[in-house]
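These notes concern the structure reproduced below.
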Amino acid sequence: MKFLPVSLLSLVATLALTTAAGAADSGPFVFPDYRSGAEINARCEAVLKDVSSQETQVAAGGTPDNVLIGMDRLSQAVDDGLGPISFIANVHPDKGLRDAAEACELRYQAFASKLYQNARIYARVKAFVPADPIDAQLRDDLMASFDDAGVGLPPAARARARALNNEIGKLAQTFERRVREDKTRVPFTVAELEGVPEGVWAKAPRDAKGRVLVGLDYPSYNPVVESARKPATRERIWRAFQSRGGAANLKTLGELGQKRRDYARLFGLASYADFTLRRRMAGSVSNVQRFLGEVKGVVEQRELRDIADLREAKAADLEQPLERTSLKRWDAPYYIERVKRERFALDQNSFRRYFPPQASVDFAMALSGKLFNVGFKPLEQKLWHPDARAYEVVELGSGKLLATLYVDLYPRADKYGHAAVWPMRGSSTLAGRLPTAALVTNFDRTGLTLDELETMLHEFGHALHVTLSATRYSSNAGTSVKLDFVEAPSQMLEEWVYDAKVLALFQEVCKSCEPVPADLLERAVRSRSFAKGLQFSRQHLYASYDLALYSKAAPEPMTTWARMEGSTPLGHEKGTMFPAAFSHLAGGYGAGYYAYLWSLATAQDLHTAFAADPLDAKVGRRYRDVVLGNGSQVDANELVERFLGRAPGNKAFFDWLNR
Ligand SMILES: [Zn+2]
């Protein structure tokens, strides 16, 4: 699961995280070196004081007299001060700093709830006469942010909206902290770990009885659930993984559902899904339901065939009659890998030797160079952890500085557990500001599988969207696009790892890296279609569950999940509580999980332009300028149409899904 954190800083949509500060940049971004929570508190205090005084000035119509510029500068100050702090909350090894950073996020939340209810600024935005479509776009986006914050509500409802916004921010933060700081380790004897590569657990801590304590981070969890021979081992770790976050998070998720529903009702809307979707590409809940219905139509039968295949594999493996064999949820990852080994002679682990982690970063950079004419230069900076790296992003040829990029590859205690990109600062050509992004993953130090290399390119897609943005206003920068478009550039880039010509770039960046054997890659390409039915039925379930949770009823999360998962062919396992760790739904992807499938349709459509040659620099340049460069200053549908030279459609996606 990969996603782009749409900042907790901003419940009022597009404005907060994707922006940058006042004076023009002459050098790369310098990551602040906070030594204590007190330093973060002091910085937070100073930033909030500064932006409060900017708010007063903008409301009074003082300098600058252009309200768009005034609001953009304000959000730049937020980015400069609070962008790194919000990031620190998710990755810093020191709990004192993380806690101070989280407290700061809540203080900003309270400020933002008030800012976007400022009737004087709203009136100025409304009266603003745009000179061109870019100004018109930002004015409309700003109006939407004010409207959605409740500026037009009667006083009592306005106060209620502010209170709800603050409570929602706090609940979401608590939910994510419980998942991030989950310390569960599952004890296994060495015999119980039969089949799991020794490198995965050899260095893990032991308990008093000498049992290996396996964590639930991806490099520990995945190999156990995918390769442990003993079903009881897989079941135990799977159940622990499905219980992260715990009952407390289920309660929090329920409260989030109800508070978000209450928020929507202040605006006369029945559900939070109605409230958010009216601002998205999809436009309405019914449009999403229709789309999800089409997806289901394609994958439903295929899921049943996948399960039949895996059940047969299990029966053969255990040498028992098929009629006495049932496939359990903890069997699925194991038998998917096993069938791939048997049918396609494919073991994802066999890719690790070809894709060392740092070489994989260098590969993504080389690919970006070929396609988008950008280079990456290592930069010496004191960062939040010794594993983290800094880079200058430069224009190839001229060497002109374009952006700063941070990369943090490996898992550690209390670090954000998935793969994601933080858009720390947004671009602004008007202010001469250069963007900054931070890419975070949790990869195994020994190397990446092909699946993980795909994740790397996905996240790199987000990082490029931030760093190659060239928008007039930082409020419109890079990934500030609509939530159901933001994954498209990343999902498109995933396709590149399945091309031998592209993978050959490894040999340009890593002299000691052996080339991936052609037949291995070819088998990986063929095996990619296997179990697509299961995979996309699961995505369909997640998206449908999310919409149910944020529907008019705002139902109890666990019973709703048990019912919905229970009606799938593999059913629901009593005692598990998957939604308790489903951070997307608590955070910025609430009523937005469908966006992964929706964006994938756009991604497949965009990809058609590269079908003839994945390294076509001319198409790459056009893509950079039209799609990446414009951020949200041009409507997403129009961007896609401009790039493709035709109206967007879902055909490429459904062809791909049917493959
Ligand atoms: Zn993503």
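Based on this model, can you work out whether residue 73 counts as among the basic types (Lys, Arg), crowded, with 23+ Cβ neighbours inside 10 Å and farther than 19 Å from residue 42 by Cα? For residue 73, the condition - among the basic types (Lys, Arg), crowded, with 23+ Cβ neighbours inside 10 Å and farther than 19 Å from residue 42 by Cα - is met. When 367, 346 are screened for being in contact with a helix residue (DSSP H, G or I) (Cβ under 8 Å, 6 or more places away or on another chain) and part of a loop (DSSP other than H, G, I, E, B), only 346 passes.
The set of residues in the range 108-123 that are surrounded by fewer than 17 Cβ atoms within 10 Å (Cβ to Cβ) and either in contact with a Gly (Cβ under 7 Å, 6 or more places away or on another chain) or among the charged types (D, E, K, R) (or both) comprises 114, 120. Which count do you get for residues in the range 276-298 that are within 21 Å of the chain's Cα centre (by Cα) and of a type in the set (S, T, N, Q)? Residues flagged as within 21 Å of the chain's Cα centre (by Cα) and of a type in the set (S, T, N, Q) within the range 276-298 amount to 1.
Could we say that residue 587 is touching a residue at least 24 places away in the same chain (Cβ under 8 Å), more than 30 Å from residue 652 (Cα to Cα) and within 16 Å of the ligand (Cβ to nearest atom) here? When the stated conditions are applied, residue 587 passes them.
Hey, among the residues in the range 187-230 that are assigned to a strand (DSSP E or B) and within 13 Å of residue 241 (Cβ to Cβ), which one's modelled with the highest pLDDT?
Going through the range 187-230, the residues assigned to a strand (DSSP E or B) turn out to be 187-188, 206, 212-215.
When the remaining residues are screened for being within 13 Å of residue 241 (Cβ to Cβ), the result is 214-215.
Working: 214: 96, 215: 93.
For the range 187-230, the residue satisfying everything is 214.
Of the residues that make up the range 400-417, is at least one within 16 Å of the ligand (Cβ to nearest atom), in a loop (DSSP other than H, G, I, E, B) and either in contact (Cβ under 8 Å) with a residue 24 or more places away in the chain or surrounded by fewer than 17 Cβ atoms within 10 Å (Cβ to Cβ) (or both)? Scanning the range 400-417, I find at least one residue that is within 16 Å of the ligand (Cβ to nearest atom), in a loop (DSSP other than H, G, I, E, B) and either in contact (Cβ under 8 Å) with a residue 24 or more places away in the chain or surrounded by fewer than 17 Cβ atoms within 10 Å (Cβ to Cβ) (or both), so the answer is yes. Against the list (1) part of a helix (DSSP H, G or I); (2) touching a His at 6+ places or on another chain (Cβ under 6 Å); (3) within 16 Å of the ligand (Cβ to nearest atom); (4) not basic (Lys, Arg), the condition residue 593 fails is (1).
In summary, residue 600 fulfils each of the numbered conditions (1) buried (at least 20 other Cβ atoms within 10 Å of the Cβ); (2) without any contact (Cβ under 8 Å) to a residue 60 or more places away in the chain; (3) not in a loop (DSSP other than H, G, I, E, B) with the single exception of condition (2). When residues in the range 414-434 are screened for being in contact with a strand residue (DSSP E or B) (Cβ under 9 Å, 6 or more places away or on another chain) and either of a type in the set (S, T, N, Q) or more than 21 Å from residue 105 (Cβ to Cβ) (or both), 4 of them pass.
Residues of the range 560-590 being part of a helix (DSSP H, G or I) and among the β-branched types (Val, Ile, Thr), which ones?
To start, the set of residues in the range 560-590 that are part of a helix (DSSP H, G or I) comprises 560-566, 578-581, 583-586.
If the condition is that a residue be part of a helix (DSSP H, G or I) and among the β-branched types (Val, Ile, Thr), then 560 is the only one that fits.
crowded, with 20+ Cβ neighbours inside 10 Å and either closer than 28 Å to residue 612 by Cα or charged (D, E, K, R) (or both): which single residue out of 340, 377, 296 fits that description? Before you say what the answer is, go through the steps one by one.
On the way: 377 fails: crowded, with 20+ Cβ neighbours inside 10 Å; 296 fails: crowded, with 20+ Cβ neighbours inside 10 Å.
Sole residue among the options that is crowded, with 20+ Cβ neighbours inside 10 Å and either closer than 28 Å to residue 612 by Cα or charged (D, E, K, R) (or both): 340.
Listed by position, the helices (runs of 4 or more DSSP H) enclosed by the range 423-526 that each have at least 3 residues that are within 12 Å of the ligand (Cβ to nearest atom) and crowded, with 24+ Cβ neighbours inside 10 Å are 450-467, 488-494. Residues in the range 637-650 that are assigned to a helix (DSSP H, G or I) and in contact with a helix residue (DSSP H, G or I) (Cβ under 8 Å, 6 or more places away or on another chain) were compared, and the one that is surrounded by the fewest Cβ atoms within 10 Å (Cβ to Cβ) is 642.
The values are calculated or read from the model by the stated rules, or taken from the named source; none is laboratory data. Bear in mind the structure is a predicted one, so any value in this text is a computation, not a measurement. Ideal geometry is used to build each Cβ from the backbone, glycine not excepted, and the neighbour counts take in all protein chains shown.
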